[in-house]
1. Just give me the residues in the stretch 340-353 being under 16 Å from residue 300 (Cβ atoms) and exposed (fewer than 15 other Cβ atoms within 10 Å of the Cβ), in sequence order.
2. Is it true that residue 146 is of a type in the set (Asp, Glu) and over 27 Å from residue 226 (Cβ atoms)?
3. Filtering the stretch 175-211 down to residues that are among the small types (Gly, Ala, Ser) and either in contact with a Lys or Arg (Cβ under 8 Å, 6 or more places away or on another chain) or not in a helix (DSSP H, G or I) (or both), which residue is nearest to residue 305 (Cα to Cα)?
4. Name the strands (runs of 3 or more DSSP E) wholly inside the stretch 16-111 in which the number of residues that are open to solvent by 10 Å² or more (accessible area, probe 1.4 Å), polar (S, T, N, Q) and closer than 22 Å to residue 229 by Cβ is 1 or more.
5. Of all residues in the stretch 262-290, count the ones that are over 21 Å from the mean Cα position of the chain (by Cα), buried (at least 21 other Cβ atoms within 10 Å of the Cβ) and small (Gly, Ala, Ser).
6. Do you know which residues across the stretch 153-178 are among the hydroxyl-bearing types (Ser, Thr, Tyr) and either under 19 Å from residue 108 (Cα atoms) or buried (at least 22 other Cβ atoms within 10 Å of the Cβ) (or both)?
7. Out of 399, 344, 392, which single residue is in contact with a Gly (Cβ under 9 Å, 6 or more places away or on another chain), within 27 Å of residue 254 (Cβ to Cβ) and of a type in the set (A, V, I, L, M, F, W, C)?
8. Go through the stretch 205-235 and report how many residues are farther than 21 Å from residue 39 by Cβ, in contact with a Ser or Thr (Cβ under 6 Å, 6 or more places away or on another chain) and surrounded by fewer than 23 Cβ atoms within 10 Å (Cβ to Cβ).
Amino acid sequence: MTDLLRVTGGTPLQGTITVRGAKNFVSKAMVASLLGQCPSVLRNVPQIRDVSVVSGLLSLHGVDVAYNPEAGELRLDPSNVKRGETAEIDAHAGASRIPILFCGPLLHRLGEAFIPDLGGCHIGDRPIDFHLEALRGFGAAVEKGEGGIYLSAPRRLRGTKMALPYPSVGATEQLLLTAVKAEGLTEISNAAIEPEIIDLICVLQKMGAIISVDTDRVIRIEGVDELSGYDHTALGDRIEAASWASAALATGGDVTVRGASQASMMTFLNTFRKVGGKFHIDDDGISFRHPGTQLQSIVLETDVHPGFMTDWQQPLVVALTQATGLSIVHETVYEKRFGFTKALRKMGANIQLYRECLGGSPCRFGQRNFHHSAVVSGPTPLEAADIEVPDLRGGFSHLIAALSAHGTSTVRGISLIDRGYENFQGKLEALGADVERG
């Protein structure tokens, strides 16, 4: 398939689409299957590239992976876990950062693990140093080698105490996946508590783990000797749901998202309503629509859960270009998340970036010379342009801008969007969008 999409804008999105399991959970639950002594079943699994990548990496390590994409069901049998070939792991992982999370489970199962040089979306600093420090804390030996990092566990890993300097989702996942079979007690302070983290804890508890979550962001794990498999239905993807909601707002449309959950999207829904968007919630999902009147400018600050999610920010900024007045957006999670606005300005958006913290309080980027605040002035009509996708969420935001613009835009690099949005082209077409792979 070509990596280019032609998008003719100006048509409000109308109709119903379905979102399945959260990208940010499903891949981690797949890795967790390595910890079990018997097969696991994961349901509501989307057909996205991240699932293919993790399936391949698990297969390289001896896991029998059976995926039914129509039913959205994965069966994972880790009975014959083995050491993967370094070159094959490196080649298959590509730009994915998932291999870092294989380390704890593989150290428990095999006593060794390998991490290839990692890629990922270029939206800010995502160092693996903390992951390695955490693994050392459990007793792993870490050695830099050709093409990546080699880890070994000469004896059983042991529990540790770790205070996160920032409630990082990736670091919390690493600690959970390693702690559940480590000897003794592990305590994680300032842990991430996103819905995807809680769903991962639910999976691990089904497998036999003992994990408690306190109200002060402290997670305690009592290591166990053995874990079983799990049978679990993944929570819906709140990022994809919010992306379609923002697309409805930006294009003046009305989109029903089956599989969207109010409980995981409450903060987004409050902000959507403040902008002027209308929504209706039922047992099957949420319907999002443009109010038919002027959208309202807002002041917005991203934060860790339960704050406004950073992955919701980029699609919503496109809708804010059509709101009346000045909107202020302060990004506190990823310091380079506003790179996608360059294409929006090219299309006619009035967006100014600032190094200063323009939110309610200073953040960790305020003294580090990053453009992490934006002022969006609107409404401004958008014009079609030739766009290059910068990252997963920025790429979908560019699609929304193209759908809102006058004329036909060319969006290149759309394979990045396949990482996290299942059949996005088919869903666009189902909503009446004029798109053509070319």
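The values are calculated or read from the model by the stated rules, or taken from the named source; none is laboratory data. Because the structure is predicted, anything quoted here is derived from the model rather than measured. In this analysis, Cβ positions are derived from the backbone assuming ideal geometry, glycine residues included, and neighbour counts consider all displayed protein chains. Side chains are part of the model used for accessible areas, which takes the heavy atoms of the whole protein and leaves out ligands, DNA and RNA. Shrake-Rupley method; radii C 1.70, N 1.55, O 1.52, S 1.80 Å.
1. 352
2. Against the criterion (of a type in the set (Asp, Glu) and over 27 Å from residue 226 (Cβ atoms)), residue 146 qualifies.
3. 192
4. 64-68
5. The qualifying residues number 1.
6. 160, 172, 178 - these are the residues of the stretch 153-178 that are among the hydroxyl-bearing types (Ser, Thr, Tyr) and either under 19 Å from residue 108 (Cα atoms) or buried (at least 22 other Cβ atoms within 10 Å of the Cβ) (or both).
7. After applying the criteria, what remains is 392.
8. 2
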